[in-house]
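K.L.:
This is the structure I have questions about; it appears just below.
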Amino acid sequence: MSAIRGSLAIVAVYFVCLCFTHKNAALTDDDDYYIPAGISYVAWLGKAVTFQPEAFKKKTIDAAYKINKEHPPFAKYVFGLSHFSLRGVLGPSDSARFGAILFSSLIVALLCFLAVFHFGTKSGLRIAAFSSLMLLALPRFNLHSHVATLDVPVAAMYLFAATMVLYAERSKRAAIWAGPVFGLATATKLNAPFLLLAYIPFIIFTRVSELRNSPSSPRPATIPSGLRLIPFPAALLSMATLGPLVFFAIWPWMWTDTVARVKEYIAFHANHYGIHFLYFGQVHTDAPYAPWHAPFVMAASTIPLVTSAFAVFAVIRAWPLIQSRLTKSSQVDEKQRMRSDLLLFLILNSLTTISLVAFAGTPIYGGEKLFMPFFPFWCLLAGIGVNHLYEALQSVVRNKTLKLALVTLFCSSGFFYQWRYFGYELSQYNALVGGVRGATALGFERQYYDLAHRDLVDWLSENGPKNLKVHFLPNNWEYVRTYKWYRRGKDLRSDIVVVNNERAADWIIITHERRFARYSKDLSRYRSKPVLFEKRIDSTPIWTVFSAKTIDNPR
Amino acid sequence: MSKNLGLKAGIALVSTLWLMDSYVALRPNTSLATPEEVQTALKIIKENKKPGDIVVHSPLLSPIELVHLGGLDAAPALPSSRVTNSRRVLVLDKAHTEMHGFGSPKTTFRVSDQSDLVVKVYEPDAAHAGPVFDLYTDINQVQMSIEKPAGKVVSRCTAKRAAGGRSCPGQPEWLYLDRRKLVIDGQSQECVWAHPTNNGVIVLTIPPLRDQTQLKTLILKVQTGLTDDAVRTTAGGAKVHTEVQQDGRVLAKVTAPNRIGIYEKTVSITSDKEVQLRITSPKDGRRHHCVMASVEAAKR
């Protein structure tokens, strides 16, 4: 099978799987920010490309881009475009959210490219297939791949920029393109520029080793003996020049009052408001934020154990190769050099993407949400680990199909989680903490992001009395925002309303989120009321519907 | 040979992890506790509960099970170390997945051989001889009333408040008795909401503590403060005064100025009479004021 055909097949399978599950992914509290922003930006774009004179006036630009101005626009353009293209088929919100599937599929395409380019067609396609399978089997990443927020888009664009800079080691054209791609990544979300935290050490490690191992390399007379200049990579130059140009070019909000607006943008993220985060039974909101180890614990307790085991195995196996590439560069052939470059780059990026959240001193919240760019790197490492096993099995299992079936089975444990937590992906925890049941008892949150679960929407539509008024506790206002999309998309019966006034509600829905200080009181106030329905996963209540009146039966 | 051994060990490890993942993902829900089991647990709790004890229930308990606890004051939250260090805590837990963060129980009661429910009793660490009374933890023993003008009670805050705590009939909704977690002096503080009112006095009454201790003389520490946000957003905001009275005598006065910080006084009280914390301010605009108070045995 050719590399391109094989890669297309892998991407197609991944894309189709996401499409099939798209209508089951719950709306989050962020969708209501990014979907309207995407619609507004693309509406302006429509005016701009048709050269309507008022489009380029400050007033028009500000009106279009004021909405969600705290985040750059690139992913929102994609959401807006997919909204306008698909709203007739998928409805107003799911059409926009389709954009996230495109970004997620881009990740898989990039994984294919990286694997095939560095490992050759045969091994590369196998690695790509294993990595994509394990990415698809990450329940939490899967949910984010359906949501109109910036986390999967930035993971995709971060990986795209990383791919370009790594490819630029061997391609001048890629070095030039690295800048614009980096600009697009930066125009997706603020964490993209932190790619430099991995790229700069990578440059230093590889260039220093090459200088050390090639005595003939030029050294200007002004440089003291023992010191040599590290060649400045063309990709970095492109990132420093073309990157900012692209960033500003595609964000019209920044075209006027630029200095003030850049300051405002940075200040918003440097002083991000606290968001509740339950960690080992303690709620962290304001400084001091959750401890540094929280992101590492969240990753270790949510990624299927087999996936992490394979990734760690790949790191262990990679070490001697990286070591010889860095210490005996001249003795290492190009094939080995390419592979070790990829492995070093994957390890550095895995470390920096998660460490950034751990050590930046900004709020830590939302489980895995903040370190979404980590997952593709980790899954590619895991895919390489699986491939090691596949190759090692050569001596034991001769039958290729059997061998492939065995390693594919090993990659599949995440699908059991997918099946169990279907529609509730952010409740998933792995065996390390005993599933969501163990995690809840341990003092972790059983869900976050104010998920408006689809099966609850269906249940309300099927069982709710006419003109039903519901109120969510402890965080109703987020559901006021998300349920309006369900009503607009006809997913929810049109006579069902989420009311602001708790006393006006017929039914109360408690979502059992302990990070809200009022949750205990809410539960205490309603626990004597009749329970109409409850969703339990792994013996853990996720949400409970109460009748606010003493006598009230569902239709 | 050694390569094959390594391969076998690797496969064994991966298989084990795969089985662990699969088991946790595929195991069915456990059945809910029966009403009789919960009522038995409630009986055990009532038999073992002493004044000042805290009751916690597992976050895994469904409201379908909790309904049988009746009016028992219990929450699914891990108490702060300040509380666990000073109070007995009774935990209604699920035996198959126990709550984390309490240490080792002194006693464990199994509801029945077939039941998943257990009641565990945790004693405070002797090294942390804690308070006899804590305003935040023991809020259910506190009475709140509003006097307007001083001396004339216009409202007793006994009405159930929708958002929790107790409200004061006939008074604005921002006057209430409830626990809060607020940022004061840059830290999240557990305190009791005590917003002052114009031309009036908020009175928080701590009952006599002779049931909790045999000691006659006790030490009361009162800490007050305005939320950082209220200070920052209210230039020229008024001071809030908290007067400590026992038996009609003023024992101390703590003043929270419109500055970020916590202000405190420590006074000697007796255990046989109630104590009043009387909160006033010349102007109540955005005075998001909170009080912490604890009573301990006097140090010898």
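K.L.:
Every residue in the stretch B:198-226 that is part of a loop (DSSP other than H, G, I, E, B), surrounded by fewer than 22 Cβ atoms within 10 Å (Cβ to Cβ) and either free of Cβ contacts under 8 Å to residues at least 40 places away in the same chain or at negative phi (or both), please.
P.N.:
Result: B:ASN198, B:GLY200, B:PRO207, B:PRO208, B:ARG210, B:ASP211, B:GLN212, B:THR213, B:GLN214, B:LEU215, B:LYS216.
K.L.:
Being charged (D, E, K, R), within 30 Å of A:TYR390 (Cα to Cα), part of a helix (DSSP H, G or I) and at the interface with chain A (Cβ under 9 Å from one of its Cβ atoms), is that true of even one residue in the stretch B:20-33?
P.N.:
Yes, the stretch B:20-33 has at least one match.
K.L.:
I'd like the residue in the stretch A:518-540 that is over 21 Å from A:LEU426 (Cα atoms) and of a type in the set (A, V, I, L, M, F, W, C) and, out of all such residues, is farthest from the other protein chains (Cβ to nearest Cβ).
P.N.:
Of everything passing the filter in the stretch A:518-540, A:LEU532 is farthest from the other protein chains (Cβ to nearest Cβ).
K.L.:
Is it true that A:GLY443 is out of contact with any Lys or Arg (no Cβ under 7 Å at 6 or more places or on another chain), more than 18 Å from A:ARG515 (Cβ to Cβ) and within 14 Å of another protein chain (Cβ to nearest Cβ)?
P.N.:
Here the answer is no, as A:GLY443 does not meet what is asked.
K.L.:
Within the stretch A:53-66, can you find the residues that are surrounded by 13 or more Cβ atoms within 10 Å (Cβ to Cβ) and modelled with pLDDT under 95?
P.N.:
Of everything in the stretch A:53-66, those that are surrounded by 13 or more Cβ atoms within 10 Å (Cβ to Cβ) and modelled with pLDDT under 95 turn out to be A:ALA55, A:PHE56.
K.L.:
Which residues, counting only those in the stretch A:57-71, are touching a helix residue (DSSP H, G or I) at 6+ places or on another chain (Cβ under 7 Å) and within 15 Å of A:PHE248 (Cα to Cα)?
P.N.:
A:ILE61, A:TYR65, A:LYS69, A:GLU70
K.L.:
Now for a different question. If you go through the stretch B:276-290 one residue at a time, how many are out of contact with any strand residue (DSSP E or B) (no Cβ under 8 Å at 6 or more places or on another chain) and either of a type in the set (Ser, Thr, Tyr) or within 13 Å of B:THR255 (Cβ to Cβ) (or both)?
P.N.:
Of the residues in the stretch B:276-290, 1 are out of contact with any strand residue (DSSP E or B) (no Cβ under 8 Å at 6 or more places or on another chain) and either of a type in the set (Ser, Thr, Tyr) or within 13 Å of B:THR255 (Cβ to Cβ) (or both).
K.L.:
Among the residues of the stretch A:272-289, are any at pLDDT below 90, in contact with a Leu (Cβ under 6 Å, 6 or more places away or on another chain) and surrounded by fewer than 19 Cβ atoms within 10 Å (Cβ to Cβ)?
P.N.:
no
K.L.:
State all residues of the stretch B:182-197 that are touching a residue at least 12 places away in the same chain (Cβ under 8 Å) and either farther than 17 Å from B:ALA293 by Cβ or surrounded by 19 or more Cβ atoms within 10 Å (Cβ to Cβ) (or both); if no residue qualifies, say none.
P.N.:
B:LEU182, B:VAL183, B:ILE184, B:GLY186, B:GLU190, B:CYS191, B:VAL192, B:TRP193, B:ALA194, B:HIS195, B:PRO196, B:THR197, listed by residue number.
K.L.:
Pick from A:SER329, A:SER340, A:SER308: which is within 14 Å of chain B (Cβ to nearest Cβ) and of a type in the set (Ser, Thr, Tyr)?
P.N.:
A:SER308
K.L.:
Any residue at all in the stretch A:491-502 that is within 12 Å of chain B (Cβ to nearest Cβ), surrounded by 18 or more Cβ atoms within 10 Å (Cβ to Cβ), assigned to a loop (DSSP other than H, G, I, E, B) and touching a His at 6+ places or on another chain (Cβ under 9 Å)?
P.N.:
Within the stretch A:491-502, not a single residue is within 12 Å of chain B (Cβ to nearest Cβ), surrounded by 18 or more Cβ atoms within 10 Å (Cβ to Cβ), assigned to a loop (DSSP other than H, G, I, E, B) and touching a His at 6+ places or on another chain (Cβ under 9 Å).
K.L.:
Here's a check for you: in the stretch A:158-209, which residue that is among the aromatic types (Phe, Trp, Tyr) and under 22 Å from the mean Cα position of the chain (by Cα) is farthest from A:LEU321 (Cα to Cα)?
P.N.:
Selected residue: A:PHE182.
K.L.:
Related question: Every residue in the stretch A:291-346 that is outside any helix (DSSP H, G or I) and among the β-branched types (Val, Ile, Thr), please.
P.N.:
A:ILE303, A:VAL332
K.L.:
A further question follows. Note down all Cβ pairs under 6 Å where the first residue falls in the stretch B:227-249 and is part of a helix (DSSP H, G or I), the second is not acidic (Asp, Glu), and they're at least six residues apart or on different chains.
P.N.:
These pairs meet every condition: B:ASP228/B:VAL183; B:ASP228/B:ILE260; B:ALA230/B:ARG286; B:ALA230/B:HIS288; B:VAL231/B:ASN258; B:VAL231/B:ILE260.
The values are calculated or read from the model by the stated rules, or taken from the named source; none is laboratory data. In this text the structure is predicted, and so the values were computed from the model without any measurement. Because the Cβ atoms are built from the backbone with ideal geometry, glycine has one as well, and the counts that use them run over all protein chains shown.
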